[in-house]
1. Mind listing just one residue for me: the one in the range 6-22 that is surrounded by 14 or more Cβ atoms within 10 Å (Cβ to Cβ) and farther than 16 Å from residue 77 by Cβ and, of those, nearest to the chain's Cα centre (by Cα)?
2. If you take the residues of the range 1-18 that are touching an Asp or Glu at 6+ places or on another chain (Cβ under 9 Å) and assigned to a strand (DSSP E or B), which of them is farthest from residue 64 (Cα to Cα)?
3. Of the conditions (1) in contact with a strand residue (DSSP E or B) (Cβ under 7 Å, 6 or more places away or on another chain); (2) of a type in the set (Ser, Thr, Tyr); (3) at pLDDT below 85, residue 60 fails just one. Which one is it?
4. Among the residues of the range 41-90, count how many are in a helix (DSSP H, G or I) and open to solvent by 80 Å² or more (accessible area, probe 1.4 Å).
Amino acid sequence: TGTTFEAAFRGRQIHGRSVDLPHGYAGHVVESTTGSFGAFENDTSARVELLSVEQFTSITVWEHDQLPRPDDEAISALAWTKVAQSIHCD
């Protein structure tokens with residue numbers, strides 16, 4: 001768990017905690033190079049090509065009125081990457 005933050009959203013105080021993604025993982029901000037994501041609504045066979053325009057290695061988990069706990073669902077979900085790696089690695 002890393003840096004903590006405080007902010008207000010719709011008049012309510014919220015608290016955030018920066019969480020590093022597991023080693024070897026990164027998040028991507030993508031944009032479509034071929035059209036709208038909405039194309040999938042009417043045609044599930046539509047092809048959309050994505051381009052990674054930004055990359056990040058940490059996320060901020062937010063909670064109303066208190067800091068997210070270390071066992072917060074979003075933080076705990078990151079632990080599954082270790083389980084998946086142990087199952088799928090030779």
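The values are calculated or read from the model by the stated rules, or taken from the named source; none is laboratory data. None of the values given here were measured: they were computed from a predicted structure. Glycine also receives a Cβ, built like all others from the backbone with ideal geometry; neighbour counts cover every protein chain displayed. In case anyone asks, the SASA skips ligands and DNA or RNA and just uses the protein heavy atoms, side chains included. Shrake-Rupley method; radii C 1.70, N 1.55, O 1.52, S 1.80 Å.
1. So, considering only residues that are surrounded by 14 or more Cβ atoms within 10 Å (Cβ to Cβ) and farther than 16 Å from residue 77 by Cβ, the one nearest to the chain's Cα centre (by Cα) is 16.
2. 17
3. (3)
4. Looking only at that region, the number is 9.
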